[in-house]
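Computed from the coordinates by the stated procedures, all read-outs in this text should not be read as laboratory data. Note that the structure is a prediction, hence the values are computed from the model and not measured. Virtual Cβ from ideal backbone geometry, glycine too; neighbours counted across all protein chains shown.
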Amino acid sequence: MAQIINIKKIGEGITNSAKSIKGCYALLHYSFKHISMLYTAPIRTVLYKQMYFTGIEALSKMTIIGTLIGLVIITQVTNLVGSNAELTGKILAWTVVRELGPLLAAIIIIARSGTAIASELGSMKVNKEMENLRVMGIDPMDYLLIPRIFGITLSVFVITFYFQITAVAGGLAITSILKDIPFLQHIKGIFTALSFFEIAVSLLKSLVFGVLISTVSCYQGFNVKSSITEIPQAATRAVMQSLFFVFIFDGIITLISYV
C-alpha cells in the first residue's frame, strides 16, 4: 500500500518554515537595530520611493475596491434588516474596521508590492548588483532592506486607514443615492458603534501586517541564489508566506483583543 503521509516531505516543510521564520527575524532585527540609517539621504530617498510605490500609487485601486466592498456589505445588510441605521452602522464597523479593512488592504499590498519586492531583490542578486553595491562601499542591507521594511510598514498603516474610510463613506454614499438611504443617519450609527479600542486594534493589525509583508518579501528576494528561474519562485513564496503569517497574526490579535 502506498504511503499516504509523506513523513519526509512534512519534515522538510517544517524545517524550511523554521528556517524562513529565523531568517525573517534576523532581517527584522537588523532593520530596527540600524533604523538610524534612514537619516542618510540616499537611503531616505529609497524610503520615499518605496512609500510612493506601495502607498500613493495604490490609492486608486484601494478607492475602487473599498467603495465596492462597502457597497456590497451595506446592500446585503439593508436587504436583510431594512433601513436600520444603528444596526447597519454596527455591522459595517464590525466587518470593515475590525476585520476586512486591515485584511483586504494587506492582501492587496501582498499581491501588488510583495511580489514586486521579492522579484526586484532576486533580480538584483542574480545580476550581481548587490555585489556591485558592496564594491562601492554600500551595504545592501542598509540600502535595500531598511527603507523597504519601514516604507511598506508605514504605507500599509496609512492605506488601511484610507481603505476603511473609503469602504464606509463611499459605500454609504453610493447606497444612499441608489436606495434613498439617509447618509448622515447611517454615519451617526457607525460612529456610535465604533470605539477607540476597535480603531486602535485595527491600526495595530495594519502595522503588524506591514512588518510581516515587508520582512517576508525581502527575505525571499535576498534568498534567491544565482538562477533567474528562482525569481518567480521567490515571488510565489513571498505571497504564500505573507498570506499565511497575515492570517495567523490576524487570528492571534483578534483572539487577544476580543475574546
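Values computed for the structure shown
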| read-out | value |
| --- | --- |
| Acute angle (nearest 10 degrees) that the helix 146-165 long axis makes with the longest principal axis of the chain, alpha-carbon atoms | 10 degrees |
| Lys/Arg +1, Asp/Glu -1 at C-beta; the chain dipole; positive extreme among Asn132, Thr215, Phe249 | Asn132 |
| Sorted largest first, extent of segment 44-137 alpha carbons per principal axis (Å) | 67, 23, 20 |
| Cα-based Lys pair tally, the chain, threshold under 16 Å, eight or more apart or on separate chains | 5 |
| Extension gain from Lys33 to Ile248, taking 0.36 nm per residue of separation minus the Cα-Cα distance | 74.8 nm |
| Potential extension, Ala169-Val135 segment - 0.36 nm per residue separation minus Cα distance | 7.1 nm |
| Mean Cα-pair separation over length for the chain, i.e. relative contact order, pairs under 8 Å, 6 or more apart, % | 32 percent |
| Nitroxide proxy distance, nm - points 7 Å out along Cα→Cβ at Ile256 and Gln233 | 3.5 nm |
| Nearest 10 degrees, 0 to 90: helix 7-33 Cα axis against the chain principal axis | 90 degrees |
| Charge dipole (debye, nearest 20) of the chain; +1 at Cβ of Lys and Arg, -1 at Cβ of Asp and Glu | 400 debye |
| Using alpha-carbon coordinates, inclination of helix 183-193 to the longest axis of the chain, degrees | 60 degrees |
| Options (1) 18.2; (2) 14.1; (3) 13.2 - which one matches mean projected area of the Cα convex hull in nm² as calculated here | (1) |
| Contour excess over end-to-end distance, with Cα ends at Lys19 and Lys61 and 0.36 nm allotted per residue | 11.7 nm |
| Highest-first arrangement of 236-242, 27-33, where packing means the average Cβ count within 10 Å | 236-242, 27-33 |
